[in-house]
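Participant: Take a look at the following structure, please.
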Amino acid sequence: MINASKGSTRGFTRRGFLGGLATAGAALTGCGKASRPSGTLPDQQEFVIRNAYVMTMDDALGDIAGGDVHVKNGEIVAVGKSLQASGAEAIAGEGMIVLPGLVDTHWHMWNTLLRSLSGDVSERGYFAMSPGVGKLFTPDDMYQGTRLAAAEAITSGITFVHDWCHNIRGSEYADANLHALHEAGIRGRFSYGTAQGQPASEPVNLADIERLQRGWDLNSNGGLLSLGLAWRGGTSEIARQEFDTARRLGIPISAHAGIAEPGQIGSMAKAGLLGKDVQLIHATAVTPEEIRAIAAADSPVSFSPFTELRTGFGFPQTSEFLAAGIRVGLSVDTTGLSGNADMFSIMKLIQNIENARALNEFKLPARRALELGTIGGARSMGVDNLIGSLKPGKRADLIMVTTRDINMAVFSDPAHLIVEAAEPSNVDTVVVDGRILKRNRKLTAIDADQVVREASAAFDAVRKRANWP
Ligand SMILES: [Zn+2]
């Protein structure tokens, strides 16, 4: 059992909460009705944003200067000019760019508790630090790290996260992570992984993945979250067993691959371990043949340029992947290395890397980089039917970015402004599934002071337990 933390979780244990939900969910499976999300979240509101610069990121709808977006029951019901929306609350959009919520495609959210703790020598670097401290984590530390990450995502305009959870030391760790995502009201995929330091000879806890999936109607937080496998990859018997189980359960797979040297992705392709449900992360060390194999299998990819550069993995080959028609998304990876979760900077970095590699100022246009951070990320996660663009019928995940801050003035080219000038502090409003989770630059469902205070206490304690300098 896990003791609930103070605040909104008071009064029940996290294990009991989700365990109970899972049981109830099993009973409900088959009725086709998703649960309501956590009771602490704001209601879905009907509102219309008026007179904003709307970047739909939809090819047919394009940009709409002086445009409106009408949201009802968590869905975008109309996008255009001077919309009829009687009864809907009007939100002033003057001076704002409205765009789809930013989409992260791979993030070890738990280790946001270890932000910027990766040192400058190998015994203090990320790959020593993450298991060195991670193995001392309690379930509550998982909750604290993931809640801090989710709060940062929402405050920074990221409305979808791929929580690549690779420190599950028991079922209560998975439950604690999920609980943090529930409370935040964010959309995403929870990919279930191993524990830090777990030997390769020991498979991921497949029975626990099946437990969660049985109760997923309720674990999904009203349909906001889906379940996946955070796979270690490879072609060993255990890797196969994990892969085959995920396929049998019908859950998507994601793996770090093609990092140290070319060959790994080629081996996976030969072994039949690629596919549209198998996302590849980093893939910085690949041959042209491997890129062709990824395209042929329709495996999506996730690039994390800040951590790829910070660790010396090398440069993502964005242009080559895009030219091959591969679905490309961008990601935070870990704030243990990247420092923060600023998707604006990630988009800018990916643009600048491409232009530098090509010695060409025009290689990757800003609007293409913005696509990678929105609809491209949604394609990488296989959720572009739901999110990633502002189009009637899609779920209402959107952000409003002010153009009236000093670093955003003057209003010139909106795509260049978002990719090159914007930063998280310019995000005024964040909406997920029609719920306003940030408004007037303040989080509505999360007490930011409490999140920082409790995460700091948890970090101090686990650092001490791990005897980490
Ligand atoms: Zn990673």
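The values are calculated or read from the model by the stated rules, or taken from the named source; none is laboratory data. Not measured: the values here are computed from a predicted model. Please note: Cβ atoms are built from the backbone with ideal geometry, for glycine as well, and neighbour counts cover all protein chains shown. Remember, those area values only see protein heavy atoms, side chains included, never the ligands or the DNA or RNA. Shrake-Rupley method; radii C 1.70, N 1.55, O 1.52, S 1.80 Å.
Participant: Ignoring any ligand, DNA or RNA, what whole percent of the accessible area of the chain comes from carbon and sulfur when the probe is 1.4 angstrom?
Facilitator: Heavy-atom surface of the chain belonging to carbon and sulfur, 1.4 Å probe: 51 percent.
Participant: Which one of SER171, ILE154, HIS282 has its Cα pushed farthest toward the positive end of the charge dipole of the chain, where Lys and Arg give +1 and Asp and Glu give -1 at the Cβ?
Facilitator: My answer, from the dipole projection, is SER171.
Participant: Another one. Take the Cα gyration tensor of the chain, multiply each eigenvalue by 5, square-root it, and list the three semi-axes largest first, rounded to whole angstrom.
Facilitator: Taking √(5λ) for each eigenvalue gives 31, 28, 22 Å, largest first.
Participant: Take every DSSP beta bridge with both residues inside the chain and express the antiparallel ones as a percent of the total, to the nearest 5.
Facilitator: 45 percent
Participant: Among the GluC sites (Glu not before Pro) in segment 343-386, which ones are in a DSSP loop with at most 12 other Cβ atoms within 10 Å of the Cβ? Mind listing them?
Facilitator: For GluC sites (Glu not before Pro) across segment 343-386 that sit outside H, G, I, E and B with at most 12 neighbouring Cβ atoms in 10 Å, the list reads GLU361.
Participant: Treating the beta-carbon of each Lys and Arg as +1 and of each Asp and Glu as -1, no other charges, what is the dipole magnitude of the chain about its Cα centre, to the nearest 20 debye?
Facilitator: 760 debye
Participant: Using a 1.4 Å probe, what is the accessible area per residue for segment 96-135, in Å²?
Facilitator: 30 Å²
Participant: Residue by residue through segment 349-366, which ³J(HN,Hα) values in whole Hz follow from phi under the Karplus form 6.51 cos²θ - 1.76 cosθ + 1.60 (θ = phi - 60°), with glycine and proline marked x?
Facilitator: These are the phi-based 3J(HN,Hα) values: 5, 5, 5, 5, 4, 4, 5, 5, 4, 8, 6, 8, 4, 10, 4, 10, x, 4 Hz.
Participant: Please report the spacing between the Cα centers of segment 59-98 and segment 339-381 in Å, no decimals.
Facilitator: Measuring centre to centre over Cα atoms gives 26 Å.
Participant: Output the relative contact order of the chain, whole-number percent, from Cα pairs under 8 angstrom with separation of 6+ residues.
Facilitator: 21 percent
Participant: Give me the distance in nm between label points sitting 7 Å out from Cα along the Cα-to-Cβ direction at ASN467 and LEU83, one decimal.
Facilitator: That separation, rounded to one decimal, is 6.0 nm.
Participant: Let me ask another. Calculate one ³J(HN,Hα) per residue across segment 279-291 by plugging θ = phi - 60° into the Karplus curve 6.51 cos²θ - 1.76 cosθ + 1.60, and present them in order as whole Hz with x for glycine and proline.
Facilitator: Karplus-based 3J(HN,Hα) across segment 279-291 equals 7, 10, 9, 6, 6, 7, 10, 9, 8, x, 5, 5, 4 Hz.
Participant: As I understand it, the dipole of the chain uses +1 on the Cβ of Lys and Arg and -1 on the Cβ of Asp and Glu, about the Cα centre. Which of VAL410, GLY312, THR40 lies farthest toward its positive end?
Facilitator: THR40
Participant: Continuing with this model, one more query. List the chymotrypsin sites (Phe, Trp or Tyr not before Pro) in segment 317-414 that DSSP assigns to loop (not H, G, I, E or B) and whose Cβ has at most 14 other Cβ atoms within 10 Å. Which are they?
Facilitator: Answer by residue number: PHE362, PHE411.
Participant: Here is a further query. Counting only protein chains, not ligands or nucleic acids, how are ASP43, ASP141, ASP413, ASP217 ordered by accessible area (probe 1.4 Å), most first?
Facilitator: ASP43, ASP413, ASP217, ASP141
Participant: How about LYS72: which lysines have a C-alpha closer than 28 Å to its C-alpha, ignoring those fewer than 8 places off in the same chain?
Facilitator: Those lysines meeting the cut-off are LYS33, LYS81, LYS391, LYS394, LYS438, LYS442.
Participant: Averaged per residue, what accessible surface does segment 321-469 expose to a 1.4 Å probe, in Å²?
Facilitator: Value returned for segment 321-469: 40 Å² of accessible area per residue.
Participant: Enter the accessible area of LYS135 (Å², nearest 10), with the probe set to 1.4 Å and all protein chains included.
Facilitator: The accessible area of LYS135 comes to roughly 120 Å².
Participant: If we count every other residue with Cβ under 14 angstrom of PHE313's Cβ, Lys/Arg +1 and Asp/Glu -1, where does the sum land?
Facilitator: With Lys, Arg at +1 and Asp, Glu at -1, the neighbours total -2.
Participant: With all protein chains present and a 1.4 Å probe, how do GLU172, GLU152 order by accessible area, largest first?
Facilitator: Sorted by accessible area, descending: GLU172, GLU152.
Participant: Then there's this: With a 1.4 Å probe and all protein chains in place, put LEU117, LEU61, LEU372 in order of accessible area, largest first.
Facilitator: LEU61, LEU117, LEU372
Participant: 5 Å is the cut-off here: which amide hydrogens, built 1.01 Å from N in the peptide plane, fall below it relative to ALA195, excluding neighbours closer than 5 in sequence?
Facilitator: When sequence neighbours closer than 5 places are left aside, the close amide H contacts are ILE168.
Participant: Considering the dipole of the chain built from charges on the beta carbon (Lys and Arg +1, Asp and Glu -1) around the Cα centre, which of TRP107, LEU390, LEU437 is farthest to its positive end?
Facilitator: Result: LEU437, furthest along the dipole toward the positive end.
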